[in-house]
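Notes follow once the structure below has been shown.
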Amino acid sequence: MSGAAAHARLTGVTRVYAGPTHVHALGPLDLDVARGEFLAVVGPSGCGKSTLLDVLAGLAAPSSGEAWFEDRRIAGTVPDGIGVVFQEDASFPWLTVADNVAFGLRRAGLDGAEIRRRVEDALGFMGLGEFARAYPAQLSGGMRQRVCIARTLVLAPRFILLDEPFGALDQQTRLLMGDELLRLWRRTGATVLLITHALDEAAMLADRVGVMSARPGRFIAFVPTGWPRDRDSRVVSAPEFGALTAQLWSHLRPESLRAMGQARA
Amino acid sequence: MSRRRAVLGGRIALIAGAVAALEMLCRSGIVDPLTLLPPSGMAAAMVAVIASGSVTGDILRTFTTVAVAFGLAVAFGIAVGALLHAAPRLRRALDPLLASYYAVPLFVFYPLLVALFGLNVVPLIVLGFASATVAMAMSTLTGLDRTPRVLLKAARVHRLGRLRTALLVVLPAASPDLLTGVKLALAYAFIGIIAGEFILSGSGLGYQIAYAYDSFDNRTMYGLMLFVLLIATAANAALHAWEQRVRRRRSGR
């Protein structure tokens, strides 16, 4: 991989779903994500945002082009150092909260004391300490998503991919979960890529927002937010916030209209 | 008292009431005691016939046969369910056959099984297995269909191989439906084998009940019937309690 500054990189990536319908879902697109950056990606419905995440995570292979993470080509498996949080509830319902969080650590073969220490730390950080023995079904949707984030966090990933993780939550919970995500990002120093359909969420959380076109998704703009690293959800009251979301919408609106046309066609 | 306990209490009271009513009908002579023993008489007969040791070999044979047929049915049913889940075309082709499987009275094949395998335990095992395995396969399919795809993605993110994904994610995710299958498979295996022993067998609990019936030995017949009923109900209740416990954990109740 050339360009050592990029923590993750896509070059000329496309994703085509073969078969009778033959859907060209993504690209060709290029992307550099800098080490420690918080990048949000927005785009119209069906533009291939989740496909982009799957390619970066190693969950889907590109039809053409290359995906790289830490100078290694991503080829069909999830590389070590990558953590993924999905929109859907991915907590294991048969395990307690503590066992959910410990799942990856047990697979990694860590000793019991180290697992307990890391699980307690992650649960405390995510405010789940008193729910360690609860089962996911006993928790709210927001808390279950926190369990999934804790399960990712505990493995100390260097690149965290989040696919609309707060999509199923109410607005207030989303703002607070955004704060927790920023806290997590600052504490771990990890690179974060957040897929979201919410422009305000992208504008509030990210260092930089990538705007994608209608399908097949390509990047049509990258908008830096200019927020300080030590930020939280209160940036929504800053005067620049409105201008930022308006700028994102001005890029996105024609693409969303185009996507609606595709959907009607 | 929780609602669950209240329902359980009501259920026990209903059964106890029915048993008490039957006892009263038999004791009062409204029901001829030669036709039907009172429940207390059945219980006493059950204890006596089992304590005598005369049917110990039959009990062991029946339970061993059920255990073998049940074990094979569960293993084969899970394997077939997993295969059909992985092969949608094969599943589409077999779906109508599976759906109508229990419309066929399997016992009609018993003479054929005896002709093929001889008058021994094998036809009974085949009958119990054939009765149970499709229920297990169907339950496995349901469980696999209901396993959320996102959990399989989570398994890939944790870099689990196929075997560890199956053991650590798919199996527990599908476990409520698998337990339903296990419960049905045990019931069907029991029915298949006891009924098979009734028709053509020289030993086993089903044979002993039929023999007692033919010999007008009501005490032995009712004693053994009660024994079979209690064992089958206890096994089913234990599996049902386990299944409900797993399902309650998933639903947060």
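A short reminder: the numbers here are calculations on the coordinates, not readings from a lab. Given the structure is predicted, the values throughout are model-derived calculations rather than measurements. Positions of Cβ are backbone-derived with ideal geometry, glycine not excepted, and every protein chain shown enters the neighbour counts.
Give the angle, between 0 and 90 degrees and rounded to the nearest 10, that separates the Cα long axis of helix B:56-86 from the longest principal axis of the Cα atoms of chain B.
Rounded to the nearest ten degrees, it is 20.
Spin-label point model (7 Å from Cα, Cβ direction): what's the residue A:107 to residue B:63 distance in nm?
About 4.1 nm, to one decimal.
Rounded to two decimals, what is the ratio between the C-alpha radius of gyration of the stretch B:1-53 and 2.2 N^0.38 Å? Mind dumping the intermediate values first?
Values: Rg = 15.0 Å, N = 53, 2.2 N^0.38 = 9.9 Å.
Against the compact-globule rule of thumb, the ratio is 1.51.
By the scheme Lys and Arg +1, Asp and Glu -1, what is the net charge of all other residues having a beta-carbon under 15 Å from that of residue A:175? Let's see the in-between values first.
Numbers: positive: A:146, A:174, A:183, A:231, A:234; negative: A:170, A:179, A:180, A:200, A:201, A:232.
Once all neighbours under 15 Å are counted, the net charge is -1.
Roughly how crowded by other chains is peptide A:88-97, in terms of the mean Cβ count from those chains within 10 Å of each of its Cβ atoms? Walk me through the intermediate numbers first.
Details: counts 6, 3, 9, 3, 7, 10, 9, 3, 1, 0.
Rounded to a whole number, the mean comes out at 5.
With θ set to phi - 60° and the Karplus curve 6.51 cos²θ - 1.76 cosθ + 1.60, what are the ³J(HN,Hα) couplings of the stretch A:225-236 in order, to the nearest whole Hz, using x for Gly and Pro?
Result, ordered by residue: 8, x, 6, x, 4, 8, 10, 8, 5, 5, 4, 5 Hz.
Quick one: net charge around residue A:231, please, counting Lys, Arg +1 and Asp, Glu -1 for every other residue with C-beta under 11 Å from its C-beta. Present the calculation step by step, with values, prior to reporting the outcome.
Details: positive: A:183, A:186, A:229, A:234; negative: A:179, A:207, A:230, A:232.
Summing Lys and Arg as +1 and Asp and Glu as -1 gives 0.
Nearest 500 deg cm²/dmol is fine: what mean residue ellipticity at 222 nm does chain B get from its DSSP H runs of n ≥ 4 alone, each adding -39,500 (n - 2.57), divided by its residue count? Write out the running numbers ahead of the final one.
Working: 11 runs with 201 residues, N = 253.
Result for chain B, helices only: -27000 deg cm²/dmol.
Just to be sure I understand the model, the point goes 7 Å from the Cα along the line to the Cβ. What's the resulting residue A:240 to residue A:18 distance in nm?
A separation of 4.8 nm, rounded to one decimal place.
If r is the Cβ-Cβ distance from residue A:137 to residue B:117 and R0 is 51 Å, what FRET efficiency results, to the nearest 0.05? Can you show the working numbers first?
On the way: r = 48 Å, r/R0 = 0.94.
Rounded to the nearest 0.05, the efficiency is 0.60.
By what distance, in whole Å, do the Cα atoms of the stretch A:90-156 stretch along each of the three principal axes, largest value first?
For the stretch A:90-156, the Cα spread along each principal axis is 30, 22, 19 Å.
Taking H placed 1.01 Å from N in the peptide plane, check which residues at least 5 places from residue A:191 or on another chain put their amide H under 5 Å from its amide H.
So residue A:191 has HN proximity to A:36, A:159, A:160.
Hey, with R₀ at 60 Å, roughly what FRET efficiency would residue B:19 and residue A:260 work out to, going by the Cβ-Cβ distance, to 0.05? Show your work: numbers first, answer last.
Numbers: r = 68 Å, r/R0 = 1.14.
Computed FRET efficiency for residue B:19 and residue A:260 comes out at 0.30.
Once Rh for the stretch B:40-251 is found with the Kirkwood sum over Cα pairs, what is the Stokes-Einstein diffusion coefficient at 20 °C and 1.002 mPa s, in µm²/s?
On the way: Rh = 18.9 Å.
The estimated diffusion coefficient comes to 113 µm²/s.
Which value, in Å³ per residue, describes the convex hull spanned by the Cα atoms of the stretch A:85-200? Show your work: numbers first, answer last.
Values: hull volume 11.4 nm³, N = 116.
Hull volume over Cα atoms, normalised by residue count, gives 98 Å³.
Please compute, for the alpha-carbon atoms of the stretch A:36-111, the extent along each of the three principal axes and give them in descending order in Å.
For the stretch A:36-111, the Cα extents along the three principal axes come out at 40, 30, 25 Å.
Order these by the 10 Å Cβ neighbour count, fewest first: B:178, B:112, A:169. Present the calculation step by step, with values, prior to reporting the outcome.
Details: B:178 24, B:112 11, A:169 16.
So the residues, fewest neighbours to most, are B:112, A:169, B:178.
Estimate the FRET efficiency between residue B:6 and residue A:66 by the formula 1/(1 + (r/R0)^6), using the beta-carbon distance for r and 51 Å for R0, to the nearest 0.05.
Values: r = 64 Å, r/R0 = 1.25.
The formula returns an efficiency of 0.20 here.
So how tilted is helix A:112-125 from the main axis of chain A? Cα-based, degrees 0 to 90, rounded to 10.
60
Would you pull out the residues with amide H under 5 Å of residue A:223's amide H, same chain only if 5 or more places away, H placed 1.01 Å from N?
Amide H neighbours of residue A:223: A:209, A:210, A:211.
Can you sort B:113, A:110, B:224 by how many other beta carbons sit within 10 Å, fewest first? Each step should come with its number before you reach the end.
Numbers: B:113 20, A:110 15, B:224 27.
Sorted ascending by nearby Cβ count, the order is A:110, B:113, B:224.
Tabulate in residue order the Karplus-calculated ³J(HN,Hα) for the stretch A:53-69, using 6.51 cos²θ - 1.76 cosθ + 1.60 with θ = phi - 60°, rounded to whole Hz; enter x for Gly and Pro.
Taking θ as phi minus 60°, the curve returns 5, 4, 5, 5, 7, x, 7, 9, 8, x, 6, 8, x, 9, 10, 10, 9 Hz for the stretch A:53-69.
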